[in-house]
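The values are calculated or read from the model by the stated rules, or taken from the named source; none is laboratory data. Only a predicted model underlies this, so the values are computations on that prediction, with no experimental measurement involved. Cβ coordinates were reconstructed from backbone atoms using ideal geometry, including for glycine residues, and neighbour counts include every protein chain displayed. What goes into the accessible areas is simple: the full protein's heavy atoms, side chains included, and nothing from ligands, DNA or RNA. Shrake-Rupley method; radii C 1.70, N 1.55, O 1.52, S 1.80 Å.
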Amino acid sequence: MTARLAGRLVLLAAGVAGVGALLVVGFGALPSFGDVQHGYGVRAVAASLAHRAANTVGSVTFDQRAFDTMGEELIMFAAATSAVMLLRRMRDEEEQQARHDYGGEDVFGALRLTGAAFLPITLLVGCYVIAHGHLSPGGGFQGGVVLATGMHLAYLAGDYRVLERLRPSSLLDIAESGAVAGFLAVGLIGMGLTGSFLDNWVPLGTFGDLLSAGTVPILNGLVGIEVGAALVLLVARFLDQALLIRQEGEDA
Amino acid sequence: MLDAVLAWLPYAVAGWVLLVGCVGIVVSNNYVHAVVCLAVVQSATYLLLLAIGWEPHATAPVFGDISTKARVVDPVVQAMTLTDVVVGATVTALLLALTVQLAKRHGTLDPDEVRSLESDQDDHG
């Protein structure tokens, strides 16, 4: 153990002891595990049912705390954009087209077939999870991840060229920013109609129906598009780094 | 006695996960490892939030196919956990992107070997 690491560990021990003591004091003041008093929970359930949203978590996320979710959306948008910028091809790097062939014929026939069969099914499941976010567990965030994952079956079961053909990159760019703008627009329309930002201004419909809960399914859809598009674009940059981009003159 | 332990055990586990993740970051000699440790630190908050919302004999707060009178766990902390997961995932992606650039510019992933944020090689300044 070097002297520097030893010094660092002493510092760490003091920090861990301090934070640990604070945690013990803090947790001591919390209601004990399994306590049945949930003031906010009871009110959130009542507010959710009043807006005819069967999935209370979806109602909290996209109706009661929609403003916070917009902040979360913007964090996600900013982080994804920054990561995409960080991973772009630099001046002194080149794309090696030959490396597109990675994967390809190395994939078993059975795996290829399974991937081809499951790709449309997974995309459909993603859309289902997004569309039913106000009725059953799921929603825009979860469904968006399912969509992006489904898209990458093309890479796992095919090769990079197949994924590049399937992946409408410029459309996804527009979809990602458009979905964030749409979220904002839904909020502003609410402000125009009711006087408060992101208020639930769409007719609430019948409890348990696909068209219910007002703005919740709309915002779920927009978030689903944003998450799906951002994730595909992000993974695209990481895959480019791993497969294509090399320093000029460097061998593949 | 057992009840008293169980009443605080989930919180203790959350605290332990938080601290063990911090220890991992400090002793880490690889940035990818450090990023994963940060994800461990963050997962302590999922555990804490869900532990606060749990109550016995209650089901998931989704009224698709149960009576609206049914006892459910607290949906507020679940929604916060969702926010937490999303922000955690994007921060992890951003940090890994930084790690990729760092590895390319400095040729190392060891925090101790990175002296400055500037590139080592003159022609990449």
All positions within the stretch A:148-173 that are open to solvent by 40 Å² or more (accessible area, probe 1.4 Å) and either closer than 26 Å to A:T69 by Cβ or in a loop (DSSP other than H, G, I, E, B) (or both): A:T149, A:P168, A:L171, A:D173
Any hit, the stretch A:120-132, residues being in contact with a helix residue (DSSP H, G or I) (Cβ under 9 Å, 6 or more places away or on another chain), farther than 22 Å from A:E176 by Cα, surrounded by fewer than 19 Cβ atoms within 10 Å (Cβ to Cβ) and modelled with pLDDT of 90 or more: yes
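Table: residues versus (1) in contact (Cβ under 8 Å) with a residue 40 or more places away in the chain; (2) hydrophobic (A, V, I, L, M, F, W, C).
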{"residue": "B:L19", "(1), (2)": "no, yes"}
{"residue": "B:I25", "(1), (2)": "no, yes"}
{"residue": "B:Y31", "(1), (2)": "yes, no"}
{"residue": "B:L38", "(1), (2)": "yes, yes"}
{"residue": "B:Q42", "(1), (2)": "yes, no"}
{"residue": "B:L48", "(1), (2)": "no, yes"}
{"residue": "B:I52", "(1), (2)": "no, yes"}
{"residue": "B:P56", "(1), (2)": "no, no"}
{"residue": "B:P61", "(1), (2)": "no, no"}
Residue that is nearest to the chain's Cα centre (by Cα), among those in the stretch A:40-61 that are more than 9 Å from chain B (Cβ to nearest Cβ) and assigned to a helix (DSSP H, G or I): A:A47
Residue check, A:I225 surrounded by fewer than 19 Cβ atoms within 10 Å (Cβ to Cβ), away from chain B (no Cβ under 14 Å) and among the hydrophobic types (A, V, I, L, M, F, W, C): no
Hits in the stretch A:1-23 (condition: surrounded by 10 or more Cβ atoms within 10 Å (Cβ to Cβ) and either of a type in the set (D, E) or in contact with a helix residue (DSSP H, G or I) (Cβ under 9 Å, 6 or more places away or on another chain) (or both)): A:L5, A:R8, A:L9, A:L11, A:L12, A:G15, A:V16, A:V19, A:G20, A:L23
The stretch A:70-95 - residue that is facing chain B (nearest Cβ under 7 Å) and within 18 Å of the chain's Cα centre (by Cα) and, of those, nearest to A:T206 (Cα to Cα): A:E72
Filtered residue count, the stretch A:21-39, keeping only those that are facing another protein chain (nearest Cβ under 9 Å), of a type outside the set (G, A, S) and assigned to a helix (DSSP H, G or I): 3
Residue in the stretch B:101-118 that is touching a Lys or Arg at 6+ places or on another chain (Cβ under 8 Å) and in contact (Cβ under 8 Å) with a residue 60 or more places away in the chain present: yes
Residues of the stretch B:1-51 satisfying the condition of being within 18 Å of B:M80 (Cα to Cα) and open to solvent by 60 Å² or more (accessible area, probe 1.4 Å): B:L47, B:L50
Residue list for the stretch A:184-241, restricted to those being within 19 Å of A:A66 (Cα to Cα) and within 15 Å of the chain's Cα centre (by Cα): A:L219, A:N220, A:G221, A:L222, A:V223, A:G224, A:I225, A:E226, A:V227
Residue check for B:A93: closer than 29 Å to A:L12 by Cα and either open to solvent by 30 Å² or more (accessible area, probe 1.4 Å) or away from chain A (no Cβ under 11 Å) (or both): no
The one condition in (1) closer than 23 Å to A:Q241 by Cα; (2) in contact with an Asp or Glu (Cβ under 7 Å, 6 or more places away or on another chain) that B:T108 fails to fulfil: (2)
Single unsatisfied condition, A:L198 versus (1) part of a helix (DSSP H, G or I); (2) at pLDDT below 90; (3) buried (at least 20 other Cβ atoms within 10 Å of the Cβ): (1)
Given (1) open to solvent by 60 Å² or more (accessible area, probe 1.4 Å); (2) outside any helix (DSSP H, G or I), number of the condition A:I75 does not satisfy: (2)
